[in-house]
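Please read the structure below before turning to the comments.
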Amino acid sequence: MNEDKLSFVFISILIIVLTIVYRNPLLLLLLVIVSLVAFKHGKIDIGPLIQKIPFFNDSINLSSIKIEDGYIQKGNEYIGVLLIYDIPVDYKDLSENSLRNSIASFYKILQVGEQVDIFFRKKYVDSIKYKEVLLHKAQNLRIIIDSDPSNSKAKRELEIINFLLDRISEGEYPFKYEIYLLIHSKNKGRAIQLAEVISKGLEGLNIRSRLAKKDEISSLIFLSECKCNKISIPSQVPFLTPFSVDKLPKFQLRNDGILLGKDINHGIPVFWNIDTSENPHILIIGPTGAGKTEFLINTSLQLSLNYSIPIVFFDTKGDIKQRIIKRGLEAKILNPLYHGISLLKANNIPIQVRAMQIEKILTNSFDLDKIHSSIIFKLIYDTLEDYYSGKISYLNWDVIDEKAKSMLDEITYLYISKIIKIIKSLDHGGNIVDYIIPGLNVIDVTMIKSETLRKIIMYTVITDIYNKFSASVDNGTKIVLVLDEAWTVLKNEKVDYPLVADLVKRGRGHGIALLMATQNIEDLGEMSSVYLDNIGLLIFMNNGDKEFWNNVVRRFVNINDEEIYNNLTFLGRGEALVRFLGDPRPLLIKTDVITS
């Protein structure tokens, strides 16, 4: 240490001692002044101290970076730099499989280096001016083609320009771009060699690249204004986007469970797992002859075989029973006129809850207003309370009729009495739900021509199944209800008295799954949004109406005009668009059919 530095140290210590002795912090200002004078005259060196401070140390490291043509040297590390200056103009020239392979090949080529960084620089250009340039080029190319119709190169260039003009008109903004690849290595020769190997590999994909020049690398490192020359649009640069090529639903949603069919576009099987789906319900919408019933039977059969649980069909036309028999499948046929329903049996349900359930069943079946609904609830609740408290010794609809006669005015009684007589024809003490077994069960209502009676049966069975199977929660799917003509119970279900809609909203918690099919969205009634927003698997079968796809389906899945006009309106029998709850990206499938 020289004399100047010793003097500076001595003076500094003296000032600090005086500050402590006299307890005057202002003396420290004298130390600051002495330090500045010493630093100015080179008596002290603060470089080593600054290097230990991360902020200043990083700044100094920049000065140690060496930039030459084709590479960067950073200490003992060398980085080869490639500039991609041209890519395939329109990747849509490739088939879907070819495009997928090209993208996979692109990243496979980059694996040559241990670490390869990708820098994508872009600068938007004036779309109006660029459009004018394209139009001028197109005009010149048309003149060339007119004079030489065999000029395939000019034709191809014109196609590209027309494509660009179309995309810009649809809202895409053109931009200039540069893509840099930084290949890390431990020595200069290896870095340059790896860069050249990658460049040759990219040539096989029609991607042109070269070693970057010194000024280009400097511009990249110091983030100078992009002096890019190549102009493109977003849909032309597929390799560097956060979006995948295929807009497929998440793999976890479609890779196991029951087989739905085959993906039409990719030729791969598509599955649906009722256990992992957000909601275990299926809704199929499609016209007559689309294949809805076959899909319901096939799906139900797979669920029965895989889970050994009861599957309950409501057969309103007789075709489900015939198709099951034709396939040689075993099923238990249940006739509500023989096996009966039991509305008045509480079955360990609190009487107030049971009275409310019966009120919902009858309100939706007879389309009652709130006044008559309240009367029904009052009559049933009072009768149940009298029975279970021991005031009356027997319980049937005659007792309720007598109570109504004594409580109501003549006109109201006549209306309520008519409802009671209709119910008495079905409710004779038996309970069809007690006869349901694991496997296929068909509740045959084809002999019942009254739509009101069918509703009573179906609502009652659904309610009693809920009471029986919902005692324990979160134990997986325990039973599946299949409604082929779902409009029978959905269309007129009231918002204030929900039965099926309430079951759909409850989801998987109670172990009851609903498989429903209907022809039109209007069949879902006032609560269509409840069904469509909560269904685990939504299936749209073939429909040639463009308005259906535009105004209905688009609310729930991501589809564009091209898909609607070129694919969806031309679907065949058994073909469908499926959407998994939680993922709006749909799949086109050919539904699977098990024939034996």
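The values are calculated or read from the model by the stated rules, or taken from the named source; none is laboratory data. Quick caveat: nothing in here was measured; it's all calculated off a predicted structure. Cβ: placed from backbone, ideal geometry, glycine included. Neighbour counts: every protein chain shown. Remember, those area values only see protein heavy atoms, side chains included, never the ligands or the DNA or RNA. Shrake-Rupley method; radii C 1.70, N 1.55, O 1.52, S 1.80 Å.
Which one of these is assigned to a helix (DSSP H, G or I), open to solvent by less than 60 Å² (accessible area, probe 1.4 Å), at pLDDT below 80 and touching a helix residue (DSSP H, G or I) at 6+ places or on another chain (Cβ under 7 Å): I103, I160, I168? Don't jump to the end; show me each part of the working.
Numbers: I103 fails: touching a helix residue (DSSP H, G or I) at 6+ places or on another chain (Cβ under 7 Å); I160 fails: touching a helix residue (DSSP H, G or I) at 6+ places or on another chain (Cβ under 7 Å).
Going through I103, I160, I168 in turn, just one is assigned to a helix (DSSP H, G or I), open to solvent by less than 60 Å² (accessible area, probe 1.4 Å), at pLDDT below 80 and touching a helix residue (DSSP H, G or I) at 6+ places or on another chain (Cβ under 7 Å): I168.
Considering only residues of segment 191-209 that are in contact with an Asp or Glu (Cβ under 9 Å, 6 or more places away or on another chain) and assigned to a loop (DSSP other than H, G, I, E, B), which is least open to solvent (accessible area, probe 1.4 Å)?
Ranking the candidates gives I207 first.
Limited to segment 463-500, what total is found for residues that are crowded, with 19+ Cβ neighbours inside 10 Å and among the acidic types (D, E)?
Counting residues in segment 463-500 that are crowded, with 19+ Cβ neighbours inside 10 Å and among the acidic types (D, E) gives 4.
When you go through (1) under 30 Å from L260 (Cα atoms); (2) touching a residue at least 24 places away in the same chain (Cβ under 8 Å); (3) of a type in the set (V, I, T) one by one for I380, which number turns out not to apply?
Of everything listed in (1) under 30 Å from L260 (Cα atoms); (2) touching a residue at least 24 places away in the same chain (Cβ under 8 Å); (3) of a type in the set (V, I, T), I380 misses just condition (1).
Do you know which residues across segment 549-585 are under 18 Å from F295 (Cα atoms) and of a type outside the set (F, W, Y)? Quick ask: steps written out before the conclusion?
To start, the set of residues in segment 549-585 that are under 18 Å from F295 (Cα atoms) comprises 571-580.
Hits for segment 549-585 are L571, G572, R573, G574, E575, A576, L577, V578, R579.
For segment 178-190, indicate whether the set of residues that are without any contact (Cβ under 8 Å) to a residue 12 or more places away in the chain and either open to solvent by 20 Å² or more (accessible area, probe 1.4 Å) or part of a loop (DSSP other than H, G, I, E, B) (or both) is non-empty.
yes
Hand me the list of strands (runs of 3 or more DSSP E) wholly inside segment 258-377 holding 2 or more residues that are open to solvent by 20 Å² or more (accessible area, probe 1.4 Å). Outline the logic, then answer.
Details: elements: 258-263, 269-272, 282-285, 310-315, 332-334.
Here the list reads 258-263, 269-272, 332-334.
Does segment 174-192 include one or more residues that are modelled with pLDDT under 80, aromatic (F, W, Y) and out of contact with any strand residue (DSSP E or B) (no Cβ under 7 Å at 6 or more places or on another chain)?
no
As an exercise: evaluate L503 against (1) more than 24 Å from the chain's Cα centre (by Cα); (2) of a type in the set (A, V, I, L, M, F, W, C); (3) surrounded by fewer than 22 Cβ atoms within 10 Å (Cβ to Cβ) and give the number of the one condition it does not meet.
(1)
Could you identify the single residue in E77, E96, E114 that is under 22 Å from A212 (Cα atoms), touching a His at 6+ places or on another chain (Cβ under 9 Å) and at pLDDT below 85? Explain how you work it out, then say what you get.
Numbers: E77 fails: at pLDDT below 85; E96 fails: under 22 Å from A212 (Cα atoms).
None of the others qualify; the one that does is E114.
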